[in-house]
Amino acid sequence: MKRSKKYIAAAAKIDADRLYTPLEAVTLVRETSTTKYDATIDVALCLGVDPKKADQAIRSTVNLPHGTGKTGRLDFDAVVATPDLMGKVGRLGKVLGPRNLMPNPKTGTVTTDVTKAVNDIKGGKVEFRIDKNSNLHFIIGKASFTAEQLAENYAAALDEVHRSKPNSSKGRFIKRAVISTTMGPGINIDPNLVREPAAQ
C-alpha cells in the first residue's frame, strides 16, 4: 500500500521500537495527524483472552471525563430501549447489529431510565468489545483535545478495561497498546502503564 508524503513524514517522528508513556504517546499522536480535519484518536489493545470462551468475551462501557468530541454524522449514534420494547426492537437486529447499535443491557442501552442513558451517551460514554482476534478498539477524543485531556480519557478507558478482566484470563492481560489518528501511523504505548509513572 502506497503511503502519502504526509504519512511518511509523520511516521518518521515515531520510534517504532520504543514503548511510549501515555502522555508521550498522546502528545506525539496529535503531532502526527495527517488530515486537514479534526482527526479522531483511536486506541487498539491486543488482549490475552480467548473471545471464543463466553466468560472472556469482554464488552463494557466507560464515561470519558472529557467526552469523545464526536458529533455524529448519522441521524443517531446510539439506540436506547426500555426492556418492554426489546421484543419490537429485536426485529431491527439486521439493521442495528452490523453497526453495533443494538441495545444491550451490558452497555446500559436497555434500561428503564432512558434520560440517564441518553445523558451518559451525550456526556462521552464509549462502548468497547473484544473482536474475534482478541483486539479491543475505542476512541479517546479528537486531535484538537489537549494532551492532558487525551491522557485522562485514556486512563479512564484503561481503568475500565482492567475492571473488565475475566477471572479466567491467565498470563499477561494487555499484550500490546497502540494509539493513532484515523489516518495516521500507530504509536506503541507501554501496556503496563495506565497513567504517567509518577501518577500511577
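Specify the residue with the greatest mean-square fluctuation among GLY108, GLY90, GLY69, computed from a Gaussian network of the chain linking alpha-carbon atoms under 10 Å apart. Comparing GLY108, GLY90, GLY69 in the GNM, the peak value goes to GLY90. The equivalent ellipsoid of the chain has semi-axes of 30, 21, 16 Å, largest first, where each one is the square root of 5 times an eigenvalue of the Cα gyration tensor. Rounded to the nearest 500, the helix-only mean residue ellipticity at 222 nm of the chain stands at -7000 deg cm²/dmol, with each DSSP H run of n ≥ 4 adding -39,500 (n - 2.57).
Normalized C-alpha radius of gyration of segment 87-174, against 2.2 N^0.38 Å? So segment 87-174 has a normalised radius of gyration of 1.29. Helix 22-31 and the longest principal axis of the C-alpha atoms of the chain enclose an angle of approximately 80°. Here segment 149-191 was treated as a single set of alpha-carbon atoms; its pair distances binned every 10 Å from 0 give 23, 49, 25, 4 percent. Each residue in SER144, SER4, SER33 was given a count of other beta-carbon atoms within 10 angstrom of its own, and listing them fewest first yields SER4, SER144, SER33.
Across segment 145-155, rounded Karplus estimates of 3J(HN,Hα) from the backbone phi angles (6.51 cos²θ - 1.76 cosθ + 1.60, θ = phi - 60°) give 5, 6, 4, 5, 4, 5, 5, 5, 5, 4, 4 Hz, Gly and Pro being marked x. Close amide H pairs (under 5 Å, H built 1.01 Å from N) link LYS142 with ILE41, residues at least 5 positions away or on another chain. Annotation: extensible slack from ARG18 through ALA44 equals 7.7 nm (criterion: 0.36 nm per residue apart, minus Cα-Cα distance). With a point put 7 Å past each Cα toward its Cβ, work out how far THR82 is from VAL114 in nm, to one decimal. Reported label-point gap for THR82 and VAL114 is 0.7 nm. For ASN63, the residues whose amide H sits under 5 Å from its own are VAL126, ignoring neighbours fewer than 5 places away on the same chain, with H placed 1.01 Å from N.
Among the listed pairs LYS52/LYS165; LYS53/LYS142; LYS2/LYS36; LYS52/LYS142; LYS52/LYS175; LYS88/LYS132, which are separated by more than 26 Å between their Cα atoms? Result: LYS53/LYS142; LYS52/LYS142; LYS88/LYS132 exceed 26 Å. Between ASN167 and ASP55, residue separation times 0.36 nm minus the direct Cα-Cα distance comes to 39.5 nm. The alpha carbon centroids of segment 155-182 and segment 1-22 are separated by 23 Å.
Largest GNM mean-square fluctuation across ASN119, ASN133, ASN167, computed for the chain with C-alpha springs under 10 Å, falls on ASN167.
A short reminder: the numbers here are calculations on the coordinates, not readings from a lab. Every value quoted in this text rests on a predicted model; they were computed, and no experiment measured them. Glycine gets a Cβ as well: all are built from the backbone with ideal geometry, and neighbour counts include every protein chain shown.
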